[in-house]
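Beneath this line is the structure, given in structure tokens, with notes to follow.
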């Protein structure tokens, strides 16, 4: 069982409206295909040349960001998920996209009014910075002063920055659902400092359902929507919440399942490794590298279980397992090995009813994902 976890990509590009931009949308699509081809070839110079030529042709920088670079990067994620790109190739493509953005981005606000000041940052432990970078660049193009803090910003450092610089809002990015507890703490801390919080990223669910649950002032599905939310004074009215009282928003935490799971995470992973070796005889022949990879995979499952228990939403684990099943099958690894891992984890949690219910939902997701396609289609119709 080996799955190097990455964020499930969003194929559809963010819609952009710009009355001053008269370039036909098919032109942006053509540049997007050229840019993706350069990413696939890991050709930084060609990729940079493409975005600069697109700008010289009359395509606005905002459209290049959101209709050329963003969808091409989404395709990179899809290619990795389908096992057509290696992890190294995916990382190289992401780095090239980041440098292409840098080549485009020299906005100036001299001589024009500033709409306001926004701090853009990724949640502590969140390393997927490109979505946040796209939001930051789009905000700058729309006249905002932006402090882009990048990936993995520890909450105390973010709060110190807010006190020192006094932005009008924080735009917080989180792609991995395992970081939702950290996101919750960061949202509350920012609001306690008197700064409203806009959130975005795959971790908050496709419709932002977890953003509302965790008390964010607003949620945006893409960079263009983020600008619209920040320009809406009603959407960004500061909300004060006590950062030291998560039970006010998540009363189920009183059962302490989350706290106990988090504290026993390492033990849970190691005991699951031991239990799997008894259930899967082939593991006795694993190399040390294979054992470490398996341990990492189990760690991902446990981390998503912990996050699901924190917000009391079993779908967090189910979505991850369904996605992981597809990744494993693309690499010719039996996805049903996930069921064995879930069974071993469950045997250790007999005193954790919410965790066990979450695991049951996860089992169902794996079972659906590993059935033949014609079987799934028939049942879906029923």
Return yes when residue 289 is exposed (fewer than 14 other Cβ atoms within 10 Å of the Cβ) and part of a helix (DSSP H, G or I) and no when it is not. yes
Taking only segment 150-161 into account, find how many residues are surrounded by fewer than 19 Cβ atoms within 10 Å (Cβ to Cβ) and touching a strand residue (DSSP E or B) at 6+ places or on another chain (Cβ under 9 Å). 5
What strands (runs of 3 or more DSSP E) lie completely within segment 78-193 and have 3 or more residues being farther than 20 Å from residue 232 by Cβ and either modelled with pLDDT of 95 or more or touching a helix residue (DSSP H, G or I) at 6+ places or on another chain (Cβ under 8 Å) (or both)? 145-150
Based on this model, can you work out whether residue 138 counts as within 21 Å of residue 204 (Cβ to Cβ) and over 16 Å from the mean Cα position of the chain (by Cα)? yes
Between a first residue in segment 155-168 that is free of Cβ contacts under 8 Å to residues at least 60 places away in the same chain and a second residue that is part of a loop (DSSP other than H, G, I, E, B), which pairs have beta carbons less than 6 Å apart while being 6 or more apart in sequence or on different chains? 155/124; 159/193; 162/193; 162/195
Mind listing whichever residues of segment 327-355 are in a helix (DSSP H, G or I), at pLDDT below 90 and surrounded by fewer than 17 Cβ atoms within 10 Å (Cβ to Cβ)? 329, 330
Taking first residues from segment 268-281 that are under 20 Å from residue 351 (Cα atoms) and second residues anywhere that are part of a helix (DSSP H, G or I), the pairs with Cβ under 6 Å that are 6 or more apart or on different chains are 268/302; 269/298; 269/299; 269/302; 272/298; 272/344; 272/345; 275/344
Restricting the search to segment 58-77, which residues are in a loop (DSSP other than H, G, I, E, B) and surrounded by 19 or more Cβ atoms within 10 Å (Cβ to Cβ)? 59, 60
Across segment 272-286, which residue is surrounded by the fewest Cβ atoms within 10 Å (Cβ to Cβ) among those that are in contact with a helix residue (DSSP H, G or I) (Cβ under 8 Å, 6 or more places away or on another chain) and within 27 Å of residue 309 (Cα to Cα)? 279
For the list (1) surrounded by fewer than 21 Cβ atoms within 10 Å (Cβ to Cβ); (2) under 22 Å from residue 134 (Cα atoms); (3) in contact with a strand residue (DSSP E or B) (Cβ under 8 Å, 6 or more places away or on another chain), I need the number of the one condition that residue 217 fails. (1)
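The values are calculated or read from the model by the stated rules, or taken from the named source; none is laboratory data. Fair warning: this is a prediction, and the values are worked out from it, not measured in the lab. For neighbour counting, all protein chains shown are included, and Cβ atoms are generated from backbone atoms with ideal geometry for every residue, glycine included.
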